[in-house]
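The structure appears below as structure tokens.
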Amino acid sequence: MNNKKPRDIVHVRVIRHMLQGLSVALDNGDQGIIRAREISWDGKDGINWKEEYPVGWEGYAVAIPLEKGEAREFSLRLVEYDPWDDFFEGLGRNQVIDGTVTGVYEYGIFVELDAGITGLLHKSRIPAKLQPSILDLFWHNDKVYVTIHDVDHEKRHIELSLAPVENFSGESMPGLLNQSSVTHEAAASAEQVLKAGIQRRHILVVEDEVPQSETVCAWLREMSQHVDVVQSAEEALDYLSKVQPDIALIDVGLPGMSGIELANNILDHYPQVQVVNATDWARASEVRSELDALQDRGGKLFYKPLVREELASYLADSNEETGNVIVNEEPTPRPPSQKWEAKKAIHKLLVMCRKHLGVEQVFLFSFDPAHRKVSIIERAGDGLVNKSAIAQLLHSPVRDVAEDGEAIFVNEIGKKDQKRFQHLLEFSPETVSCIGVQVPAQSSLKYALFAMDKRAKQFGEAIQIYAEGMSLAIGATLDQLDLRERAALMQRSALIGNLASGMIHEINNLLAPLQYESDNLRKALAQIEKDPEHARYENVRNEVANIEQDIRQIVGTVGTFGKIAKKPQLEVLRVDEIIKDTLVLLKQISKRARVDMYFQPPEKLVVVRNKAVMLGQILLNVCLNAIQQIAEHGYDHARTIRIDMEPIRENSNGAMCRILIRDNGPGIHASLWDKIFEMGYSTRQDGSGIGLFVSRNLMEEVEGNVYVLDSHILFGTVFALEFPVHV
């Protein structure tokens, strides 16, 4: 359809510059304005228009049709090209258009459909329950989906309607995930491992619960392992004094000496024995720091209930220390993490301090009151240091300054000070003058800032004030880093609590069928005993298979839940498995919120080397945020979240993996796309403002980024998670 019409072109002259554009006069003396957006099509509204169109400039403009009572307006860009000439050609009836909000009023919103094409979405075409809050619902620059209701080409008026929300409710979201976290494939994989062969080892099982030890030992012996069993740490130490096995599989909750104490003892005295601890996720969260320390020393950790497949996989992987993982000799350059940035900031402050004070070297020390230990956090300078004397700093002014807050300013260490500074001088033999001030920080650790020089110095009042001010700046940086770490731990604890009820519900749903199937099996076996030729052999076999599957599902649910309590560490992992685990953990929460979650696994598996625990927490946070946003607004249409994995792509940092999380919730205002990741900011009434903040910080830790890719008001949001592929 050809809607071209003659344009009203007039001669204008610029008479004044205004904030919103140009004030112009016509030849007949009438006046009007040319708004900045109507000057050019190149998107550079207002950048140089004062220079390009100075007062006195003359040219031609197109008159924009007047509304009653409005000032007369003109357009320069319409002289070059009129989008109305071809915008409507090929536009289908009820075609959905992606528009941008340019104005919000009580009677409706103006939406730009294309450059120079704007229509009105009147409030009468917005759902009645949303009309009272139209000024809050839509903000300038928000994105929204609309359809064209009517067009008046003569007046250049476009009436818009809100696109049907149902069109974006998941009709094209295939692949509903509705499966247990551990499938029959897991059993098959264990059989494949067994067929491939596992190296025979000598394994000591330390477990006080007899049913547990009998089951684990039976599995290990099926795998041709040499197994011995003891029931306490004391028995294990006596055994180890005579025989050293290859592996010690230790329960954490042993009577008497704990499994953690036993593991540390073995690592201290029998380093050739590989230590593996086993516990449930609840106990693990209580002794998290001790388990982390064990893993730092090379110990392994399994979460109960132990499963045959996991044991088989562990033994197969440990045939060779590095397995079959290929690690890049030159890893992809990584963006700086928050920890790295904080350390860099502290070092920069120490360099500034050293330069301003004119000293040879400056140290930031930490003092651990619980373990009575002094450590060097950061240093600036190249003076002589005896690192073997660090332990003795506990008995030096470093401890006094850090713990007691006693500031010291010594212009020259004389003979009368030798005893007091003895251990500090052992650490820094050339020190003659010294400054020491406490660094205030909200932490269990205490900090001290020390500046030392091999010359006598005069530390006047100005120097003292500067040193104390610098300590405040360093303390603020330490607090910022500590806040991020505490927020991550707090948010993970909250996440575990949020998911716990769902896990319990999932297990409870399986217990009754399991009991029913067990009763049927007992009755069937009783009949078979009476009549060996009874035709229920096949039924019994099916009952056993059902029981086995229910048990696997319980074990898998608990195991999946326990993964988020693990210590983050680099490992080779499948991204699709992390997504499936996330959907299992959120199954009950999404069900209560009536939100359907979908995931279509990619045809090509994506394997990365990263921290599965952190990726899982990030994915949980973003998905949980989407569920809560949808639930809070109580939509009548289908509520959906779809997770997709985009093909691996290359950028300046190398190969990247991208996960997209699409919801059909309320959408996010365009001006808030970045702000929602700030600490404490939330768009929900009961939101903590921590989840997305923690997610962005964790994503930086795994060298990636999380951000809002797209969002349309009333039609949902797309979050993108990107992280590098290291294999």
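Here are some notes:
- Residue match in the range 270-278 (condition: of a type in the set (Phe, Trp, Tyr), assigned to a loop (DSSP other than H, G, I, E, B) and without any contact (Cβ under 8 Å) to a residue 60 or more places away in the chain): yes
- The C-beta contact set for the range 107-128 (first residue in the same structural domain as residue 141 (by TED's automatic domain parsing) and more than 17 Å from residue 86 (Cβ to Cβ), second residue at pLDDT below 85 and of a type in the set (A, V, I, L, M), distance under 7 angstrom, 6+ apart or interchain) comprises 123/134; 126/134.
- The listed residue being within 20 Å of residue 716 (Cα to Cα) and at pLDDT below 90, out of 126, 109, 117, 97: 126
- Pair list, Cβ < 6 Å and 6+ apart or interchain, from the range 193-208 residues that are farther than 15 Å from residue 227 by Cα to residues that are at pLDDT 85 or above and surrounded by 15 or more Cβ atoms within 10 Å (Cβ to Cβ): 208/231; 208/254
- Qualifying residue in the range 210-219 (condition: assigned by TED's automatic domain parsing to the domain that holds residue 251, in contact with a Pro (Cβ under 8 Å, 6 or more places away or on another chain) and at pLDDT 80 or above): no
- Meets criteria (surrounded by 15 or more Cβ atoms within 10 Å (Cβ to Cβ) and part of a helix (DSSP H, G or I)) for residue 109: no
- Being at pLDDT below 95 and closer than 25 Å to residue 469 by Cα holds for only one residue in 414, 405, and it is 405.
- Test result for residue 419, more than 15 Å from residue 357 (Cα to Cα) and not in a helix (DSSP H, G or I): yes
- Some residue of the range 604-620 being in contact with a Ser or Thr (Cβ under 6 Å, 6 or more places away or on another chain), outside any loop (DSSP other than H, G, I, E, B) and under 14 Å from residue 658 (Cα atoms): yes
- Of the set (1) modelled with pLDDT under 90; (2) in a strand (DSSP E or B); (3) among the small types (Gly, Ala, Ser), all apply to residue 133 but (2).
- Filtered residues of the range 632-655 (kept if at pLDDT 85 or above and either surrounded by 20 or more Cβ atoms within 10 Å (Cβ to Cβ) or not in a strand (DSSP E or B) (or both)): 639, 640, 641, 642, 643, 645
- Selection status of residue 263, part of a helix (DSSP H, G or I), of a type in the set (Gly, Ala, Ser) and at pLDDT 90 or above: yes
- Residues (in a strand (DSSP E or B) and either more than 15 Å from the chain's Cα centre (by Cα) or among the basic types (Lys, Arg) (or both)) located in the range 703-717: 709, 710, 711, 712, 716, 717
- With respect to being in contact (Cβ under 8 Å) with a residue 40 or more places away in the chain, in the same structural domain as residue 478 (by TED's automatic domain parsing) and not in a helix (DSSP H, G or I), residue 374 falls outside the description.
- Criterion applied to 467, 473, 451 was being among the aliphatic types (A, V, I, L, M), surrounded by fewer than 21 Cβ atoms within 10 Å (Cβ to Cβ), at pLDDT 90 or above and in the same structural domain as residue 427 (by TED's automatic domain parsing), and the one residue passing it is 473.
- Taking first residues from the range 249-261 that are assigned by TED's automatic domain parsing to the domain that holds residue 231 and surrounded by 17 or more Cβ atoms within 10 Å (Cβ to Cβ) and partners that are part of a strand (DSSP E or B) and of a type outside the set (Val, Ile, Thr), the Cβ contacts under 6 Å between residues at least 6 apart in sequence or on separate chains come to 250/277; 251/278; 252/277; 259/251; 259/277.
- Any hit, the range 377-385, residues being closer than 30 Å to residue 289 by Cα, among the basic types (Lys, Arg) and surrounded by 13 or more Cβ atoms within 10 Å (Cβ to Cβ): yes
- Sole residue being part of a loop (DSSP other than H, G, I, E, B) and either among the aliphatic types (A, V, I, L, M) or surrounded by fewer than 20 Cβ atoms within 10 Å (Cβ to Cβ) (or both), chosen from 412, 403: 412
The values are calculated or read from the model by the stated rules, or taken from the named source; none is laboratory data. Remember, it's a predicted structure, so these values are computed and weren't measured experimentally. Methodologically, a virtual Cβ is constructed for each residue, glycine included, from the backbone with ideal geometry; neighbour enumeration extends over all protein chains shown.
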